[in-house]
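Chemist: What follows is a single structure, and I will ask about it in a moment.
Rule-based calculations on the coordinates, nothing more; no lab input. Note that the structure is a prediction, hence the values are computed from the model and not measured. No Cβ is skipped: glycine too gets one built from the backbone with ideal geometry, and neighbour counts run over all protein chains shown.
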Amino acid sequence: MSSELIRAFIAISLPDTLKKELDELEKILKRRCPDVIKWVEPVSIHLTLVFLGQTTDDKIEEINFGIEDATSGISPMKLTVKDVGAFPGLNRAQVIWVGLQGELSILAALQQRITNNMEQLGFPKEERSFSPHLTLGRVRNYTSPGDRQKIGKVLSEIKFESAHTINVNEINLMQSKLTPAGAIYTKLSGISLKS
């Protein structure tokens, strides 16, 4: 049997209640920001821990073992969602995000462990340091500096705090299929965190 190429990443899924809130937030931002942003469908928003890129489906078992090993001794954790911002900064908005708070030191330790285990499996380590966030949208490359600043101004005026907690009980291996309408995400497996 030949192996199939897949585009994979490791992530934490969000509760539907939070996705509804993010949908409302996106509607507000769409009304107020210049029309130069490719928005992420709220149903697709997740917290990416490690982007693996192209791999083959016959490596899934190895990846799962790597995740399971990384989660050993790490209990379920709680995260909250607060604030809106942009990378690399509000004056040069490129990626629009909402921030995370809560047990971030545990999250960072878990992400580091997963990264190390994936590196041992041959996946290259990301150059950027881990900055936990939920991506709402990406500003298109052709956007003028003036429009980027307008977006930054809107973001600086928005106060957002979710009423819902993300209870992190499971780490998911996800597949991303790129289509003209946007990426379609499929959960390949879930590794439970044990208290």
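Chemist: In whole Hz, with x marking every Gly and Pro, tabulate ³J(HN,Hα) for segment 134-140 from phi via Karplus 6.51 cos²θ - 1.76 cosθ + 1.60, θ = phi - 60°.
Modeler: So the Karplus estimates, Gly and Pro as x, are 10, 7, 9, x, 10, 6, 5 Hz.
Chemist: Just need the relative contact order of segment 5-192 here, percent rounded to a whole number, with Cα pairs under 8 Å and 6+ apart.
Modeler: The normalised contact order for segment 5-192 reaches 34 percent.
Chemist: Taking the Cα centre of the chain as origin, sum charge times position over the Cβ atoms of Lys and Arg (+1) and Asp and Glu (-1), and report the length of that vector in debye to the nearest 20.
Modeler: Taking the Cα centre of the chain as origin, the dipole is about 920 debye.
Chemist: Which label belongs to the value computed from this structure, given these candidates for percent of Cα pairs over 23 Å apart: (1) 43; (2) 47; (3) 57?
Modeler: Recomputing percent of Cα pairs over 23 Å apart here picks out (2).
Chemist: Expressed in nm to one decimal, what extension gain is obtained for the pair residue 109 and residue 149 from 0.36 nm per residue of sequence separation less their Cα-Cα distance?
Modeler: In short, 11.0 nm is gained.
Chemist: Also, I was wondering about something else. Residue 59: which lysines have alpha carbons under 19 Å from its alpha carbon, excluding same-chain residues fewer than 8 sequence positions away?
Modeler: Answer for residue 59, where 19 Å is the Cα cut-off: 125, 177, 187, listed by chain and number.
Chemist: Taking amide H positions as placed in the peptide plane 1.01 Å from N, state which residues far from residue 95 in sequence (5 or more) or on other chains have amide H under 5 Å from it.
Modeler: Long-range HN contacts for residue 95: 87, 139.
Chemist: Can you give me the angle between helix 104-120 and the longest principal axis of the chain, using Cα atoms only, in degrees from 0 to 90, rounded to the nearest 10?
Modeler: Helix 104-120 sits at roughly 50 degrees to that axis.
Chemist: Taking 0.36 nm per residue of sequence separation and subtracting the Cα-Cα distance, how much length would be gained by fully extending the chain between residue 7 and residue 188, in nm to one decimal?
Modeler: 64.0 nm
Chemist: Residue 189's amide H: which non-local residues (gap 5+, or another chain) put their own amide H closer than 5 Å, with H modeled 1.01 Å from N in plane and none for Pro or chain starts?
Modeler: 173
Chemist: Could you name the lysines in cross-link range of residue 194, using Cα to Cα under 23 Å and dropping any fewer than eight places away on the same chain?
Modeler: Cross-link targets: 78.
Chemist: Also: Along segment 162-167, what does the Karplus equation 6.51 cos²θ - 1.76 cosθ + 1.60 (θ = phi - 60°) give for ³J(HN,Hα), rounded to whole Hz, x for Gly and Pro?
Modeler: Once θ is set to phi - 60°, the couplings for segment 162-167 become 6, 7, 10, 8, 8, 8 Hz.
Chemist: Sticking with this one: Straight distance only, please: which aspartates and glutamates reach the Cα of residue 27 with their own Cα at less than 17 Å, same-chain residues fewer than 8 apart left out?
Modeler: Within the straight-line cut-off, residue 27 pairs with 16, 35, 41, 83, 157, 161.
Chemist: In addition: Please give the length that would be gained between residue 92 and residue 120 if that part of the chain were fully extended, namely 0.36 nm times their separation in residues minus their C-alpha to C-alpha distance (nm, one decimal).
Modeler: That pair, residue 92 and residue 120, stretches by 6.5 nm at full extension.
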